[in-house]
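One structure below.
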Amino acid sequence: MFELFMTFVIDLLAFFLIYLILNIGLNIELGYTGITNFGTVFWFSAGGFTVGALATRLGAWLLNIDTSGMDFIDDNMAIVTKINGVLKGEPLQGLMLLILMILIAGVIGAFLGVLMSIPTVRLRADYLGIAFLASGEILNVIGVAYRPLVGGPPGVAVPDVWAWAGEWRFPVATFTIFIFAVIFLAYAEYLVRTPLGRSLRAVRDNEFAAQAYGKDIARFRLIAMVIGSTLISISGALYVLYSQAANPSFFRFHWTFLPWLMILLGGIGNNIGVLIGTFIYNTIYKLIVFYKFALMGILPFDVVWLNYILLGTLILLILIYRPQGLLPEKPPKIRLERGGRSS
């Protein structure tokens, strides 16, 4: 019973932390800058596809594994098995591959943030949201149709960068993701108190007034998109590394609309609120997944729809009774120079 409980807790924490990194990125875009990004799945998929496409190839290269005569898609499992066999005794190599994949996913996310933002940041909020939503679907179609990327619909396995941890693999992986989440949360909290953070909020609150004060609206939106896109892509990379598989079908509903629900629940523009909202939703979701089949025969509908029913109910309750979230945004404390008071 204890082992089952610990498995549940570790799995909950891992997915909570991955969602938290994604939601921090979205909060920088939406909460700080007012960018309506319904395309989080685009950058999340980009990070996941980066790991799916490159982790096995880079792992084989770093570990000097002979893959002559083998195809990285058709012989995917055979190559990954070889890599994992070596990584079991090489913690430094595993961590090196992990950091390398995170860096590459972050760079690709930032690049795609620039690429997508240049033609779209001047759009109105509703058109911008639709443009980003469409981009996510386009990338998903590419992942399914272009087999050399991540193997098409079946997907591909990726090396286990935590193979060296043995039976402690999942706790160690979760702790690693926790370190990344703490770093990114601390950065987001720091950002909101900087001149850049205040400029982003000025653009969000009243872009015409910000423009009148000489703020370049497009430039600040681009900066926010680059930062947010980087974090969202890193969360996708961590998800694939943790689950050890990249499958295009993974990157759909859960990474498009659920992040919005979580930050609405916690409080848009408040990083601690985002943390709380993300934790509450993931806990409820995991409890439903864990116990829903115990309700078979009791509920008047198929239990597979329970998640979606509760999701819709939760959205309605938030919008009706707590539209500002559990922890509404508060102006950051800024100490004025020359003895001025904190505001």
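Of the residues in region 173-197, how many are crowded, with 16+ Cβ neighbours inside 10 Å and assigned to a helix (DSSP H, G or I)?
12
When the criteria are applied in full, Gly152 meets the requirement of being part of a loop (DSSP other than H, G, I, E, B), more than 20 Å from the chain's Cα centre (by Cα) and buried (at least 16 other Cβ atoms within 10 Å of the Cβ). Gly136 - would you say it is closer than 23 Å to Gly39 by Cα, touching a Lys or Arg at 6+ places or on another chain (Cβ under 9 Å) and at pLDDT below 90? Yes, satisfied. Taking (1) touching a Leu at 6+ places or on another chain (Cβ under 9 Å); (2) under 30 Å from Glu329 (Cβ atoms) in turn, Leu58 satisfies each apart from (2).
Among the residues that make up region 233-251, is at least one of them surrounded by fewer than 24 Cβ atoms within 10 Å (Cβ to Cβ), farther than 22 Å from Ile104 by Cα and not β-branched (Val, Ile, Thr)? Yes. Among the criteria (1) among the polar types (S, T, N, Q); (2) closer than 21 Å to Trp255 by Cβ; (3) modelled with pLDDT of 90 or more, the one Thr194 does not fulfil is (2). When the criteria are applied in full, Gly166 fails the requirement of being assigned to a helix (DSSP H, G or I), closer than 22 Å to Ile232 by Cα and not aliphatic (A, V, I, L, M). Cβ separations smaller than 9 Å between residues 6+ apart or across chains give the following pairs from region 144-160 residues that are of a type in the set (Val, Ile, Thr) to residues that are assigned to a loop (DSSP other than H, G, I, E, B): Val144/Gly152; Val144/Pro153; Val150/Ile73; Val150/Asn247; Val156/Phe72; Val156/Ile73; Val156/Asn247; Val158/Gln244. Scanning region 138-152 turns up no residue that is under 30 Å from Ile276 (Cβ atoms) and of a type in the set (Val, Ile, Thr). For region 317-343, a residue qualifies if it is over 24 Å from the mean Cα position of the chain (by Cα), part of a loop (DSSP other than H, G, I, E, B) and modelled with pLDDT under 80, and the qualifying residues are Lys330, Pro331, Pro332, Lys333, Ile334, Leu336, Glu337, Arg338, Gly339, Gly340, Arg341, Ser343. For region 153-206, the tally of residues that are closer than 30 Å to Leu87 by Cβ and basic (Lys, Arg) stands at 1.
Of all the listed residues (Ser199, Ser229, Ser233), the sole one being among the polar types (S, T, N, Q) and in contact with a Leu (Cβ under 7 Å, 6 or more places away or on another chain) is Ser229. Tally time: how many residues in region 271-298 are in contact with a helix residue (DSSP H, G or I) (Cβ under 7 Å, 6 or more places away or on another chain) and assigned to a loop (DSSP other than H, G, I, E, B)? Residues that pass the stated criteria total 1. Residue pairs whose Cβ atoms lie under 6 Å apart, sitting 6 or more positions apart in sequence or on different chains, and linking a residue in region 202-213 that is within 19 Å of Ile268 (Cβ to Cβ) to a partner that is outside any loop (DSSP other than H, G, I, E, B) and modelled with pLDDT of 80 or more, are Val203/Ile217; Val203/Phe220; Glu207/Ile217; Ala210/Ala202; Ala210/Val203.
The values are calculated or read from the model by the stated rules, or taken from the named source; none is laboratory data. Please read all numbers here as calculations on a predicted model, not as lab measurements. In this analysis, Cβ positions are derived from the backbone assuming ideal geometry, glycine residues included, and neighbour counts consider all displayed protein chains.
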